[in-house]
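The values are calculated or read from the model by the stated rules, or taken from the named source; none is laboratory data. Every value quoted in this text rests on a predicted model; they were computed, and no experiment measured them. Every residue, glycine as well, gets a Cβ built from its backbone with ideal geometry; the counts of neighbours run over all protein chains shown.
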Amino acid sequence: MVDSEPLYNGNHSSSNGNASGSGARPATGKGANPGSAMEQDQGNYMQQKIMAGLLRFKWLILLAALAGGVAAWYYTENITPEYLASGMIIIHQDSEESLSSGGDITSRLNRSLGPAGTRSMDNHVQLLKSRVFAERIAEKLMEQEVMSNGEVFPVLLREIEGNEPLKAAKGQVVSRLRSKADVKRVSGSDDLIEISYISHDPLEAKELANLFMNEFVELTDERARSSIQATLQYLQDEMLNKVGGRLADSEQRIEDFMRSEPGGLNLASHTDRLVGQVHTLEEEAERNRLELESIENRKERAQDELNEIEPGLTDQMKSATTARVRMLQENMANLTIERMLMLNKNPSLRTNEDQEPRLKEINNEMDQISNEIDELVSEGLDQTRGFLFTEAGEMNSRILELQRQIADLTVERIRLQSLINLAEKRISDYNEELDQLPEKQTRMARLQRERERDERMYNELAGRAFEMGLMEQSTRGSGRIFEDALQPGSPFRPDVPTNLLLGILLGMGLAVSGVFLRVMLDYRIDSIDLLKKYGLPVLSVIPDMKPVIRSQFKGQSHYKVVDKKLSTLLVPLYDPISNVSESFRRLFNNLRFNNPDSRNKLFVLTSPGKGEGKTTTISNLAITMGESGNRVLLLDCDFRKPHVHRMFGLDMEPGITDYLFDDTPLEELIVSAQAPGLDILTSGKQTVSPDRAINSNKMRRLIEEVTDKYDYILIDTAPFGIISDAAPLIRMSDGVIALVRFNKSKTPELDHLIENLNSISAEVVGTVLNDFNPKVASGYYTDNRKYAYNDKVYKSYSNKVKKPDKKEKENV
C-alpha cells in the first residue's frame, strides 16, 4: 500500500453535500500554500470574526458601558457646578453719526472735534474681549469687592487661609475674567452682542455679566462725550475769553475815537462798502483761525494718544495728505471766498442760489472737489491699514478711530489754512484801496466793523458753548443694554445627561476596543470558515462531547463494562444516535467515498500540537468503521505519550515495542476491543528511542503484515507539528488526517504542520475540527450557522428514535 495511487489527483471533488464537507475544494497536501490561502477573503472573514467577538462579549461590553455611566455619574456628582448668565447689548450705529449734524461753525467743529464715524460690530466684539477692557473690569471689581449679598466676588479670591480670604493679584483676576467671559455676535442680527459669564457662584455670574455690559455702555458714553467735553472746554477757556477781550477793546477804541471827533463823521458809501468787505473777510478769517486753533489742539491730542498706542504710526499716516489734496483745498478756498462775497453782495441769493448761474457752478465745483478729497484721504488710510492689527490678527478699534479722526482733521486744516491765506490776500488788496480814501472816514468805518465782527463772533461762540453744554448732558455712546443678565437657577455645567452619555459611550468604546484587539491578536482557529481557508477539505466537524457525557454519565471520565473501564469519550459505543456519533460516521463516509477510484485503507491521524484529541478522534473513528462491518485495526504509535489503552480499559504492555524489540508474535499482541470488528495494538513498553523504533524495518514489516489482514488500519501518532517521529508512517500511509481542536489550535501551528507535511510529500486528505461549539465560533454567519442549523435538525430528528437502555449498553 506504500506505493498506492494518491487519494486526490485533481480530477475529482467531494460528493458529500453536508455542512462539514460541502463546498470544500479537494486538494492534497502537496503544493498547498497556506499563506496564499489565508489571504483569500481575509477582509470579509475578519469582519465576521470581529462581529462574532462583539456578540460573544456583549455582556462584557454592556457591563463596561454601565461602569462608564456610573463613573460619569460619580464624576458629575463630585465636581463643583458652574453657572452661566447671559445678557445682550445693542449697538446703535447712528448714535455717533448724529453728533456731526448741524451747519456753519457748529457742523465744522463737530466734524473736526467730534467722535469718529461708525465702528463695525467686529471692533466692538474685539474691544469687549481685549485685555484693556478686562483690566477696566478688574479695577472696578477690586474697588467694589463684594457682591449684592455682601460676599466677596470669588473671582477676586486666591485662596482661603483660616477665616481670612487672600486677594488675587490684578493680573490673575484679568486672566480669569478673560477665560470665563464669552462675547459673540447674536446669530442673524446686525446690532446685537451677547455677553456671557461662567462662575461657580450664580450671583457672581449674573453680576459680572451685567458689569461687563454696564462698563461697555459707560465706555462708549465716555468716548462719545470726550470730544464734546474737549470742545466745550476749549470754547470756554480759549475762544470766549479771547473774543470777549477783543470785543471790549473794539468798543473802547470807538469810544476813544468818538471823543477825539466831537462833531462826528459821515462815512461815504464807497468807504463803507470797502470797509464792510474787509471786515467780512476779516471776520471769516478770524472764525477760521479760531477753528484752526481748535483743530490743531484736537489733532495734537489725537496724535499723542495714537503714538502711545502704536509709536511711529503718526509718521506713517502723513502720506494721506498729498500735494494733490493741498491743491484741491486751495481751489476749494478760492471758490468758498468767491461764494461768500457773492452772497454778501446780494443777500437775496441765499434763499435761491440756483438763480445765479455762476453761484450754481461754484456749488457744483465744490462738491466735485470735496468728493475727490474724500477719495484721496481713503487711499491714504489704506496705505496704513497694516498698522491696525494686533498680534492676534484683531483690528484695534481705537487705532482705527484715531486714524480716521487725524486724517479728517488734517484735511480740514488744509482747507482752513487755504481760506485764511486767500482772505488775507483779499484783505490786503482792499486795504490798499482804502489807503487812498480819507483817513478819518476809513478809521471810523474800520472801528465800527471790528466791533460788529467781534460782537457777532462772541454771540455765536456763546451760543455754541451753551449748545455744547446741552449736548454733553444728552449725548450717549453707541452701546445700550438690550437684555439684562438674570441669575441662573440651574448649573450650566456639569451637563448630567451629556456626561452620562459620554461615560457610557467611553466605557463601551474601551470595551469594544479591547474586544477588537483581542480578536485581532487571537490566532486560535475558532471557526469552520477559517479552517476552510487552508484549501483542504473539512472532512468532519466533531461537536463538543461534554453535553453528551453530562447527560449520560454526569460528567464521569470512565464507566465500567463487564471487567473493563471504558472512557466516556467513546460516544458511539453508548449513544450511537447522538450528533457526536453522527459526526464520526460523516468522517468515515468522507474518507470512504471521496475518491471511488482508489481503495485507501491505511490512515494516519496527527495534529499541530498536544492535547487536541487525536486519540479520542481516531478511537471513535475506529469504532464507527467497525460498526459498518469492517475489520479495523487501531495502532498506538505514539511511543512518547500513549493513550489508546486507557480509552478501552486495556494494558499498555505487551504491544508494538514488544514486537519490535522482543520478536513477540503479533497474534499474541493484538487484542479485541469492546466494539464490533475492532482490534487494538497498544504501544507496549516505553522505549528510549521512539524515532528508531518507528524508522525500523520491523515496523515496515508490521505495517505490511497487518495491511493484508484488515479492511482499515488507523495509526495514532505523536503530534507531527512538534515531533517528527511519525514521518515514516506518514510516508507509508494512504492518507493523513490533520486534526485541529476548536478554540485551541492556532493558525501558526497549523501552518507549521502543513508545511512539515508538504516537505515530506505527505498525502493530506483533509482536516477535522474537533470539540466545536457554534455558540462561541467566529464567522457565525456562514458555515458555522449552517452547522448549527444541521445539528439542531439532527437532534430534533434523533429524539424520535428509541435510545438503548442500560442493559443494551452493557451488551454492546
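Brief remarks follow.
- Criterion violated by Tyr197 - all others in (1) surrounded by fewer than 14 Cβ atoms within 10 Å (Cβ to Cβ); (2) assigned to a strand (DSSP E or B); (3) touching a residue at least 60 places away in the same chain (Cβ under 8 Å) satisfied: (1)
- Unique match (being charged (D, E, K, R), outside any loop (DSSP other than H, G, I, E, B) and at pLDDT 75 or above) among Arg449, Arg464: Arg464
- The residues listed here are Ile680, Ile694; of these, the one that is more than 29 Å from Tyr559 (Cβ to Cβ), surrounded by 21 or more Cβ atoms within 10 Å (Cβ to Cβ) and without any contact (Cβ under 8 Å) to a residue 60 or more places away in the chain is Ile694.
- Residue tally, condition loosely packed, with under 13 Cβ neighbours inside 10 Å and among the small types (Gly, Ala, Ser), over the range 131-152: 2
- Only one entry of Leu587, Leu621, Leu605 meets the criterion of being assigned to a strand (DSSP E or B) and among the hydrophobic types (A, V, I, L, M, F, W, C), and that entry is Leu605.
- Flag if Pro497 is outside any helix (DSSP H, G or I) and not hydrophobic (A, V, I, L, M, F, W, C): no
- For the range 650-677, taking the residues that are in contact (Cβ under 8 Å) with a residue 24 or more places away in the chain and among the polar types (S, T, N, Q), the one that is surrounded by the most Cβ atoms within 10 Å (Cβ to Cβ) is identified as Thr657.
- Selected residue (criterion: nearest to the chain's Cα centre (by Cα)) from residues of the range 707-729 that are among the aliphatic types (A, V, I, L, M) and modelled with pLDDT under 90: Ile722
- Hey, Phe584 within 14 Å of Ser628 (Cα to Cα) and within 59 Å of the chain's Cα centre (by Cα) or not: yes
- Residue within the range 505-520 that is without any contact (Cβ under 8 Å) to a residue 24 or more places away in the chain, out of contact with any helix residue (DSSP H, G or I) (no Cβ under 6 Å at 6 or more places or on another chain) and under 30 Å from Ser578 (Cα atoms) present: no
- Meets criteria (at pLDDT 90 or above, aliphatic (A, V, I, L, M), farther than 22 Å from Gly477 by Cα and assigned to a helix (DSSP H, G or I)) for Leu208: no
- Filtered by the rule that a residue be hydrophobic (A, V, I, L, M, F, W, C) and either closer than 24 Å to Val764 by Cα or assigned to a strand (DSSP E or B) (or both), the range 525-548 gives Ile525, Ile528, Leu530, Leu531, Leu536, Val538, Leu539, Val541, Ile542.
- Taking every residue in the range 553-566 that is within 9 Å of Gly649 (Cα to Cα) and pairing it with any residue that is in a loop (DSSP other than H, G, I, E, B), at least 6 positions away or on another chain, the pairs with Cβ-Cβ distances below 6 Å are Lys564/Gly649; Lys565/Gly649; Leu566/Gly649.
- Criterion (crowded, with 20+ Cβ neighbours inside 10 Å and either hydrophobic (A, V, I, L, M, F, W, C) or modelled with pLDDT under 90 (or both)) met by exactly one of Leu127, Leu203, Leu192: Leu127
- Filtered by the rule that a residue be buried (at least 23 other Cβ atoms within 10 Å of the Cβ), in contact with a Leu (Cβ under 9 Å, 6 or more places away or on another chain) and under 30 Å from Ile670 (Cβ atoms), the range 742-766 gives Val764, Val765, Gly766.
- Candidates Ser557, Ser567, Ser551, filtered to the one that is more than 20 Å from Thr767 (Cα to Cα) and crowded, with 19+ Cβ neighbours inside 10 Å: Ser567
- Test result for Ala230, within 30 Å of Arg298 (Cα to Cα), crowded, with 20+ Cβ neighbours inside 10 Å, of a type outside the set (S, T, N, Q) and out of contact with any strand residue (DSSP E or B) (no Cβ under 8 Å at 6 or more places or on another chain): no
- Within the range 531-548, tally of residues that are without any contact (Cβ under 8 Å) to a residue 40 or more places away in the chain and either more than 20 Å from Leu739 (Cβ to Cβ) or buried (at least 17 other Cβ atoms within 10 Å of the Cβ) (or both): 2
- When Leu634 is tested against (1) modelled with pLDDT of 90 or more; (2) under 26 Å from Phe593 (Cα atoms); (3) out of contact with any Ser or Thr (no Cβ under 8 Å at 6 or more places or on another chain), only condition (3) is not met.
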